[in-house]
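Any read-out appearing in this document is the output of simple, stated calculations on the displayed coordinates, not a laboratory observation. Quantities reported herein were computed from a predicted structural model and do not represent experimental measurements. Virtual Cβ from ideal backbone geometry, glycine too; neighbours counted across all protein chains shown.
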Amino acid sequence: MDSVLGGSNKKTITMSTVATDYGMDKALQQLGLKDVNHGTSTGSTWYPGGEEIASYSPVDGALIGKVTTTTKEEYDTVIKTAQEAFKTFRAMPAPQRGEIVRQFGNKLRELKEPLGKLVSYEMGKSLQEGYGEVQEMIDICDFAVGLSRQLNGQVIPSERPGHVMREQWHSLGIVGIISAFNFPVAVWSWNTALAWVCGDVCVWKASEKAPLCSVACQNIIAEILKENDLPEGISCIINGDYTVGEWMTKDTRIPLISATGSTRMGRIVGKTVAERFGKSLLELGGNNAIIITPTADLKVVVPGAVFGAVGTCGQRCTSTRRLIIHESVYDKVRDAIVGAYDQIVIGNPLDEKNHVGPLIDKDAVDMYLNAIEKAKEEGGNVLVEGGVLEGEGYESGCYVKPAIIEAENTYEIVQHETFAPILYLMKYSGDVENAIEIQNGVAQGLSSAIMTNEMKEAERFLSFAGSDCGIANVNIGTSGAEIGGAFGGEKETGGGRESGSDAWKVYMRRQTNTVNYSDELPLAQGIKFDL
Ligand code: NAD
């Protein structure tokens, strides 16, 4: 066991030219990542681990660093340490736990620039979006601090004289967090900020595609926990592929698994956790659409649809995948969107003049190319040709051109989420209900939007007979949710809710108490039991 900075198992990271030019050297230094290859930690304690996972940047293909995967023995030590820490942490008053989260949020404010840069360099999203992701972490900390004084139960009228009923919320225990590559830091903090104020301790298995982000986050919180004399085990990270994830999902010592990723993963995780009667919070894939009605304002439609489709190179769970356009405005909208695609600049995401960075890796590029081929085979009409970019600045092989294809909602490929910048255009005729039917006609149910200046259409879209998604917006796109609202979706998106509103309740256990302060023992429902 070593500390990060003093570890014997450390390796100095050699920076590529691109990384040096954009100040990654300094960023990694500030995040305590200059010479690390550990991937398992219970706080300030780090474990040597087993095999190495290399993290290559999709930006320039360079090796950023390596972390070791967690061994089974280390995993058990982590869980035992977390179990012990829980006993201390749950006894701490919730507002004091909020104070820890407040300090964490402040530290994130200080480190927004280096952490945002790391997100951009390791995952490939634009620097602005990298900063935005860290801002989301700060926002959820602020939200959680306030929440730490509002974990309120209810007092419920009892039907029996001299009795009172109430509901309390108790800490749950270990929250196991499994996260996807595309939000390599925010998803962790959506979970941890709430879980910590609720008195839970967290064990995080980050995506094997962005492991350094998890080490950076752990360094930040470990310092805060140490400064506050809190025990090891409140924040833990483990690293590895799905096998490490499976240890967690099968582990009865983890009452809640919060898993973010593909529907394929969620189907396995949901079943495994349910088999042991654990709780799962599933945040899975989306297939999000914008309905564009005859009264839609193009000034709103174009940026909303284009950012939704190409932001994060189409790798947001809320990315816009389908535009359902009224036939009366179809040509006008299509031409405006196609025209806007001409303006998109693709390149190194650390350079702020570029709008779109790379896909995460070459497997993602293959999936993107296959999806375009499949759409063509099914009869799709390509309006904006896709393809892989080559040449200077594109050496990683992960840069692709956002594509637009006219398609039918019934195509098999359109029914699936392809995690890449492919936008399908389709027409509807008649009333908004016809568009809503198309919008709902997929297996996923995450985010949806309508562009309209017709109040009745907007309300019908939001009504019980409207969008079946967890998120339904009017005159904004499908992506870019604020942390104040509950985030998540229905159907194959998994049904989980994270972030704002009352999402905190899933991180706690509810207890109903009935107290008899009378001298009698009346039974509920008027049942007589005289002895
Ligand atoms: P993925 O499903 O391949 O992997 C996600 C995580 O699950 C990784 O950490 C992986 O190691 C782990 N995992 C995979 N199989 C597992 C198993 N059998 N048991 C336990 N853990 C397992 O997803 P990805 O490619 O990293 O991310 C993209 C997907 O995530 C997209 O479908 C996207 O829509 C979804 N996503 C959803 C949300 C949301 O909030 N709804 C947010 C971000 C991403």
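Data table
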{"quantity": "Spin-label pair residue 475/residue 388, simplified geometry with 7 Å Cα→Cβ offset, distance in nm", "calculated": "4.4 nm"}
{"quantity": "Rounded to 5, percent antiparallel among DSSP beta bridges of the stretch 288-482", "calculated": "15 percent"}
{"quantity": "C-alpha center-to-center spacing [the stretch 219-236, the stretch 169-193] in angstrom", "calculated": "16 Å"}
{"quantity": "Net charge dipole size for the chain [Lys, Arg +1 and Asp, Glu -1 on Cβ; Debye, nearest 20]", "calculated": "1300 debye"}
{"quantity": "Order of 81, 514, 68 - criterion: other Cβ atoms within 10 Å of each residue's Cβ, fewest first", "calculated": "514, 81, 68"}
{"quantity": "Relative contact order [Cα under 8 Å, 6+ residues apart], the chain, whole percent", "calculated": "17 percent"}
{"quantity": "Per-residue ³J(HN,Hα) for the stretch 155-162, Karplus 6.51 cos²θ - 1.76 cosθ + 1.60, θ = phi - 60°, Hz, x for Gly and Pro", "calculated": "9, 10, x, 8, 7, 9, x, x"}
{"quantity": "Share of pairwise Cα separations in the stretch 28-133, more than 20 Å, in percent", "calculated": "57 percent"}
{"quantity": "Kyte-Doolittle at least 1.6, axis length at least 15 Å by Cα - qualifying DSSP helices, the chain", "calculated": "298-310"}
{"quantity": "Residue order, fewest to most beta carbons within 10 Å, for 86, 529", "calculated": "529, 86"}
{"quantity": "Cβ-based net charge around residue 79, under 13 Å, with every Lys or Arg adding one and every Asp or Glu removing one", "calculated": "-1"}
{"quantity": "Estimated D of the stretch 288-482 in µm² per second, where Rh is the Kirkwood radius over Cα pairs and Stokes-Einstein applies at 20 °C, 1.002 mPa s", "calculated": "129 µm²/s"}
{"quantity": "Cα centroid separation - the stretch 312-387 against the stretch 453-477, whole Å", "calculated": "24 Å"}
{"quantity": "Local electrostatic count, residue 460, Cβ distance below 11 Å [Lys/Arg +1, Asp/Glu -1]", "calculated": "-4"}
{"quantity": "Percent RCO, i.e. relative contact order, over the stretch 288-482, from Cα pairs under 8 Å lying at least 6 residues apart", "calculated": "30 percent"}
{"quantity": "Cα-based reach from residue 427 at 29 Å (exclusive), listing lysines while leaving out same-chain residues under 8 positions away", "calculated": "299, 332, 374, 376, 401, 456, 491"}
{"quantity": "Largest to smallest principal axis extent of the C-alpha atoms in the stretch 289-331, angstrom", "calculated": "31, 17, 14"}
{"quantity": "Dipole moment magnitude, nearest 20 debye, the stretch 469-515 about Cα centre, only Lys, Arg, Asp, Glu C-beta charged", "calculated": "240 debye"}
{"quantity": "The chain: C-alpha pair distances exceeding 39 Å, %", "calculated": "29 percent"}
{"quantity": "DSSP-assigned coil residues among trypsin sites (Lys or Arg not before Pro) in the stretch 431-531, each with at most 16 further Cβ atoms within 10 Å", "calculated": "528"}
{"quantity": "Pair-distance profile P(r), taking every C-alpha pair of the stretch 102-217, with 10 angstrom steps and integer %", "calculated": "14, 38, 26, 12, 7, 4, 0"}
{"quantity": "Protection proxy ranking of 242-248, 115-121, 408-414 - average other beta-carbon atoms within 10 Å, highest first", "calculated": "115-121, 242-248, 408-414"}
